[in-house]
Amino acid sequence: MFNAIRNWRLKRLLDRRPIGEPLWGEALRRCAPARRLDASDQATLRVLATLFLDRKSLEPVQGLELDEADRVLLATHACLPILKLGFDWYDGWYSVILYPDAFMPRRTRTDAAGVVHPTHDVLTGEAWGRGPVILSWPDVLNEHNRPGHNVVIHEMAHKLDMLNGAANGFPPLHRRMDRREWTRVFSGAWDRLREDRRNGAELPIDPYALESPAEFFAVASEQFFEDPAVLRRHLPEVYRQLAQFYRQHP
Ligand SMILES: [Zn+2]
């Protein structure tokens, strides 16, 4: 019964507010991981992107203006991680706030002596537990051409991670996945990368991954979708765990 209502709603949405062919073609042209999918997965991604535009509120601030093609592009990036999971994985939050550039939230940090300091962290993206996703638009477009990077996928990975509590690099795993194996693989890779970094070796992944287990999962997820061959070559076990979690082989 619920499924029937849901399907009817979805059909009505796709009839009334479809992503038209030219906009979809442009989104594929601008989103490499989506371009690499086969036709059937692209069709699924298009439905998910339509749902994303319907269910989430895209809110440009500080004078940023987005046209329809920009909105479709953002939705396309955002739905790659849930291509094989389903839209339910993005339930429970509503807003995507978009800044015209990297942003510096006004926050404070209290040190061990109890002294409060203002922080000056410049961010390209941020995801709140049950709150908004915040993104810098030039970074959504990857205007600095950083290979393997995708700030939208990064923040969406944090969203998935936070479905079962604080972001800790441990999203809700599927029934057939082994929690111990996930921990073994990710902490093993983490230790090896830290060792490599200590020895001055160049890392196959953005060193920001070593900030915390949550960042490791988010950065590895970016690379999984944007540069899967590099991840598979250098961190094959991490690639395999992510393939099981996202149910995809990009
Ligand atoms: Zn992060």
Practice item. With a Förster radius of 41 Å, plug the Cβ-Cβ distance of Asp38 and Ser95 into 1/(1 + (r/R0)^6) and report the FRET value to the nearest 0.05. Key: 0.80
Exercise for review: Output ³J(HN,Hα) for the range 140-157: one whole-Hz value per residue in order, computed from phi by the Karplus curve 6.51 cos²θ - 1.76 cosθ + 1.60 with θ = phi - 60°, and x for Gly and Pro.
Suggested key: 4, 7, 6, 5, 8, 6, 8, x, x, 9, 7, 5, 5, 4, 4, 6, 5, 4
Practice item. Measure nothing but the geometry: give the 0 to 90° angle between the long axis through the Cα atoms of 213-226 and the longest principal axis through the Cα atoms of the chain, rounded to 10°. Key: 50
Exercise for review: May I ask for the net charge around Trp8, where only other residues with Cβ less than 13 Å from the Cβ of Trp8 are counted and Lys, Arg are +1 while Asp, Glu are -1?
Suggested key: +4
Revision key, fill the gap. Stretched fully, the stretch from Arg55 through Trp128 gains (0.36 nm per residue minus C-alpha distance, one decimal, in nm) 24.5 nm
**Study point:** Gaussian network model of the chain, Cα within-10 Å springs - most flexible of Asp41, Asp227, Asp67
**Key:** Asp67
Review point. Under a point spin-label approximation (7 Å from Cα along Cα-to-Cβ), what is the Arg197-Asp88 distance to one decimal in nm?
Key: 3.7
Check your understanding: So, by mean Cβ neighbours within 10 angstrom, what's the order for 12-21, 130-139, 114-123 with the highest one leading?
Key -> 130-139, 12-21, 114-123
Exercise for review: Report the net charge of residues surrounding Gly92, where surrounding means a beta-carbon distance below 12 angstrom and charges are Lys +1, Arg +1, Asp -1, Glu -1.
Suggested key: +2
**Study point:** Over the chain: helical MRE at 222 nm, DSSP H runs n ≥ 4 each giving -39500 (n - 2.57), nearest 500
**Key:** -15500 deg cm²/dmol
**Study point:** Spin-label model distance (nm) - Arg146 vs Glu68, 7 Å beyond Cα toward Cβ
**Key:** 3.3
Practice item. Assuming R0 = 41 Å, can you tell me the calculated FRET efficiency for the pair Arg17 and Arg180, based on Cβ-Cβ distance, to the nearest 0.05? Key: 0.40
Review point. What is the Cα coordinate range of the chain on the first, second and third principal axes, sorted by size from largest, in whole angstrom?
Key: 56, 42, 37
Exercise for review: Enumerate the lysines that Lys84 could reach by cross-link, defined here as Cα to Cα under 18 Å, with residues fewer than 8 away along the same chain left out.
Suggested key: Lys159
**Study point:** Globularity index of the range 1-56, i.e. its alpha-carbon radius of gyration over 2.2 N^0.38 Å
**Key:** 1.22
**Study point:** Neighbour-limited loop hits for trypsin sites (Lys or Arg not before Pro), the range 149-244 (at most 16 other Cβ within 10 Å; DSSP other than H, G, I, E, B)
**Key:** Arg175, Arg176
Check your understanding: What chymotrypsin sites (Phe, Trp or Tyr not before Pro) in the range 1-96 are in a loop by DSSP, with at most 14 other Cβ atoms within 10 Å of the Cβ?
Key -> Tyr94
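Coordinate-derived values only; no laboratory data. Quantities reported herein were computed from a predicted structural model and do not represent experimental measurements. Counting neighbours? That spans all protein chains shown, and the Cβs are built from the backbone with ideal geometry, glycine included.
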